Amino acid sequence: MRLAVVQTNPIFGDVQTNIKQALLLMENEHADLYVLPELFNTGYNFIDANEVNKLSEPVHGMTYKSISAFSKKKLCYVVYGFAEKSDRLYNSAAFVGPEGLIGVYRKVHLYYRETLFFAPGNLGFPVFDLPFGKVGMMVCFDWMYPESARTLALKGAQLIAHPSNLVLPYCPDAMVTRCLENRIFAATANRVGRENRGGVDLTYIGKSEIVSPKGEILVRMDDKETGKTAVEVDLSVASNKRINEFNDLLAGRQASEYF
Ligand code: ACM
């Protein structure tokens, strides 16, 4: 399958323009699955919950309609981050395909001021069986908790689609370890640019990347430019957890000793 990460620079609050920007980047790159950044349609640096409330959407809102129309037209799949309006506000990722909504993930590990606006995710880490393999999602700061990627691997995911808005410098290199320790692919789609709002100044580090189960960085973008990049991957490779004739990665876990 052809897997793409899309690196955007959203204008805070300009949902229509941000969707258009992402679709333009995707138009010019064929892929079976595109991964877009966290909160790609709204921007990230909310001043207060009122702003989140205004910019959030139900799962089947305007953003879903635009992305699913693209998905139907191009017969492709898309994972994107958005602010979800439901019983509470969630920092969510939607998985969309030609057949419509595949599923939703709500970010479990909230970062920094997100904890003021969003409720922590309550849907677990679902894994979806698609024509090209088994795919789960996590969002940005979930990388800091190895349990996120491990849970997805234990549930059979071959690929982690990872919408992000990274501000700390560690994640792109840390994902090499996440992939290696789970023998799993990861596609981290990050944004670039800066948002200085309400006295909080955030610069996003870009470096969107796709990493293999052997920890190889198959592609990594730079820290400033918007764009997209895609690679051909065989997700079935991630189902082989055998390290050598004596060690099977997941079967070798010694769960009774961990707590
Ligand atoms: C982050 O979780 N957006 C750093």
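The values are calculated or read from the model by the stated rules, or taken from the named source; none is laboratory data. All values derive from a computational prediction rather than experimental measurement. Here the Cβ positions follow ideal geometry from the backbone for every residue, glycine too, while neighbour counts run over all protein chains shown.
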Can you name every residue in region 53-71 that is touching a residue at least 40 places away in the same chain (Cβ under 8 Å) and either of a type in the set (S, T, N, Q) or buried (at least 22 other Cβ atoms within 10 Å of the Cβ) (or both)?
63, 66, 67
Sort out for me the helices (runs of 4 or more DSSP H) sitting completely within region 84-190 that have 3 or more residues that are under 20 Å from residue 5 (Cα atoms) and within 13 Å of the ligand (Cβ to nearest atom).
171-182
Could you list, in sequence order, the residues of region 36-60 that are acidic (Asp, Glu) and part of a helix (DSSP H, G or I)?
51
The correct count of residues that are closer than 18 Å to residue 136 by Cβ and aromatic (Phe, Trp, Tyr) in region 218-259 is 0
Residue 36 vs (1) closer than 21 Å to residue 220 by Cα; (2) surrounded by 15 or more Cβ atoms within 10 Å (Cβ to Cβ); (3) away from the ligand (no atom under 16 Å from the Cβ): all pass except (3)
Six or more apart or on different chains, Cβ atoms under 9 Å: show the pairs whose first residue is in region 203-223 and touching a residue at least 40 places away in the same chain (Cβ under 8 Å) and surrounded by fewer than 19 Cβ atoms within 10 Å (Cβ to Cβ) and whose second is assigned to a loop (DSSP other than H, G, I, E, B) and among the hydroxyl-bearing types (Ser, Thr, Tyr).
219/208; 220/208
From the options 37, 98, 10, residue that is modelled with pLDDT of 95 or more and in contact with a Pro (Cβ under 6 Å, 6 or more places away or on another chain)
37
Of everything in region 13-34, what is modelled with pLDDT of 95 or more and in a loop (DSSP other than H, G, I, E, B)? Give them in sequence order.
13, 14, 30, 31, 32
Residue 85: passes all of (1) buried (at least 24 other Cβ atoms within 10 Å of the Cβ); (2) in contact with a Ser or Thr (Cβ under 6 Å, 6 or more places away or on another chain) but (1)
